[in-house]
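The values are calculated or read from the model by the stated rules, or taken from the named source; none is laboratory data. All values reported here derive from a predicted model rather than from experimental measurement. Glycine also receives a Cβ, built like all others from the backbone with ideal geometry; neighbour counts cover every protein chain displayed. Only protein heavy atoms, including side chains, enter the accessible area calculation; ligands, DNA and RNA are left aside. Shrake-Rupley method; radii C 1.70, N 1.55, O 1.52, S 1.80 Å.
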Amino acid sequence: QRAEKVAIAAVAAQTVEDGMTIAISAGTTTIELARRLRHRPSITVVTNSIGVFEVLTGAETADAPQVYLTGGVRTPSDALVGPVADAAIAAFRVDGTYLGVHGFDTEAGLTTPNLAEAQTNRALIGIGAQLTVLADHTKYREVGTNVFARMRRVDTLIVDDGLAVADRAVIEDHVGRLTIATVSP
């Protein structure tokens, strides 16, 4: 779903204003978001993602954002999780949290198969004034073992236009705002 993730990230990047402090979780879609933010020196980013950190602090760092990497135990998805990550995250307050998810479902909520990652995602959600979830359409009705938030907690859900129109109507009743990213042909 590379094209979908790129489209979602482009829409998400437009919501990041100069001067903001944001949190970005681990995930392939959030790494695409980081690619769009790497030349934004006016923002500050808190992340538990090794990939997001590498993108934002790579070779071209002259105009990069200020970035804080949490520390913690590394998961297979290159997320840093656990008590060290949670404690580091708790030291911040951010304007918005941008979260990638394993799955989202109107009944189950936001889920992941990793228990420690679920707890760290709760910490990331807890420090943000706004929660924006980035998920391609294949994540809808995907339910992992660990729930870390209900859909009503989501201020904005950005998903690609592969999501069926009937599903959009259902989801709109469960989130603050549903934004559809158009995938370029």
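Restricting to region 90-105, name every residue that is closer than 25 Å to ILE8 by Cα and aliphatic (A, V, I, L, M). It would help to see each step written out before you state the result.
Kept after step one, since they are closer than 25 Å to ILE8 by Cα, are these residues of region 90-105: 93-105.
If the condition is that a residue be closer than 25 Å to ILE8 by Cα and aliphatic (A, V, I, L, M), then VAL94, LEU99, VAL101 are the ones that fit.
What is the one condition in (1) over 17 Å from the mean Cα position of the chain (by Cα); (2) at pLDDT 95 or above; (3) over 17 Å from ALA123 (Cβ atoms); (4) not polar (S, T, N, Q) that ALA87 does not satisfy?
Condition not satisfied by ALA87: (3).
Answer with yes or no whether ALA12 is in contact with a Gly (Cβ under 8 Å, 6 or more places away or on another chain), closer than 24 Å to LEU163 by Cβ and not charged (D, E, K, R). Can you show your working first?
On the way: in contact with a Gly (Cβ under 8 Å, 6 or more places away or on another chain): no; closer than 24 Å to LEU163 by Cβ: yes; not charged (D, E, K, R): yes.
So ALA12 fails the test.
Quick grid of which residues meet (1) modelled with pLDDT of 95 or more; (2) out of contact with any strand residue (DSSP E or B) (no Cβ under 6 Å at 6 or more places or on another chain); (3) open to solvent by less than 50 Å² (accessible area, probe 1.4 Å):
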residue	(1), (2), (3)
VAL143	yes, no, no
ASN146	yes, no, yes
GLY162	yes, yes, yes
THR182	yes, yes, no
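Six or more apart or on different chains, Cβ atoms under 6 Å: show the pairs whose first residue is in region 114-130 and touching a residue at least 12 places away in the same chain (Cβ under 8 Å) and whose second is open to solvent by 10 Å² or more (accessible area, probe 1.4 Å) and part of a helix (DSSP H, G or I).
From residues that are touching a residue at least 12 places away in the same chain (Cβ under 8 Å), the pairs are THR120/ASP86; ALA123/ASP86.
Output the number of the condition that ALA12 fails; it satisfies all remaining conditions of (1) open to solvent by less than 10 Å² (accessible area, probe 1.4 Å); (2) farther than 17 Å from LEU131 by Cβ.
That leaves (2) as the condition not met.
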